[in-house]
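The structure appears below as structure tokens.
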Amino acid sequence: MANDVLKQLTDVLEARRNASPDESYVSSLHHKGLNKILEKVGEESIETILAARDAEQSGETDKLIYETADLWFHSLVMLSHLGENAQSVLDELERRFDLSGLEEKANRNQN
């Protein structure tokens, strides 16, 4: 089910990438360039962190889910801008299934 949603979202993002920036938020981000997209990813990261902290205190996770969705969305726009997509990330996560987290981190430090 998650792959279906990511595939649909990837298709929509690609279609909107070439739309008029006046008619599409995604297109407007692409037209503003990578720095604007990164600014949005950073902003959404901070909002997600704050929502997680609030969720720990309150036990309410609605805002955390909302902000995480925004973060994922803007991360997908970033990937699209750089010629990648969600499948590339899923492939990388799948590759890591046979590694422990500590082993994967040690491998990164050797490269």
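The values are calculated or read from the model by the stated rules, or taken from the named source; none is laboratory data. Note that this is a predicted model, so its numbers are computed, not measured. Every residue, glycine among them, receives a Cβ derived from its backbone with ideal geometry; neighbour counts consider all protein chains shown. These area figures cover heavy atoms from the full protein model, side chains too; ligands, DNA and RNA do not enter into them. Shrake-Rupley method; radii C 1.70, N 1.55, O 1.52, S 1.80 Å.
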Any hit, region 89-111, residues being open to solvent by 50 Å² or more (accessible area, probe 1.4 Å), in contact with a Lys or Arg (Cβ under 8 Å, 6 or more places away or on another chain) and not aliphatic (A, V, I, L, M):
no
Test: A51 is of a type in the set (A, V, I, L, M) and not in a helix (DSSP H, G or I)
no
Restrict the check to region 32-48 and report whether at least one residue is among the polar types (S, T, N, Q), open to solvent by 70 Å² or more (accessible area, probe 1.4 Å) and either modelled with pLDDT under 95 or more than 24 Å from L82 (Cα to Cα) (or both).
no
Tally up the residues in region 1-39 that are touching a Lys or Arg at 6+ places or on another chain (Cβ under 7 Å), assigned to a helix (DSSP H, G or I) and without any contact (Cβ under 8 Å) to a residue 12 or more places away in the chain, please.
1
Hey, could you check region 65-88 for residues that are part of a helix (DSSP H, G or I) and farther than 18 Å from G42 by Cβ and say which is least open to solvent (accessible area, probe 1.4 Å)?
A86
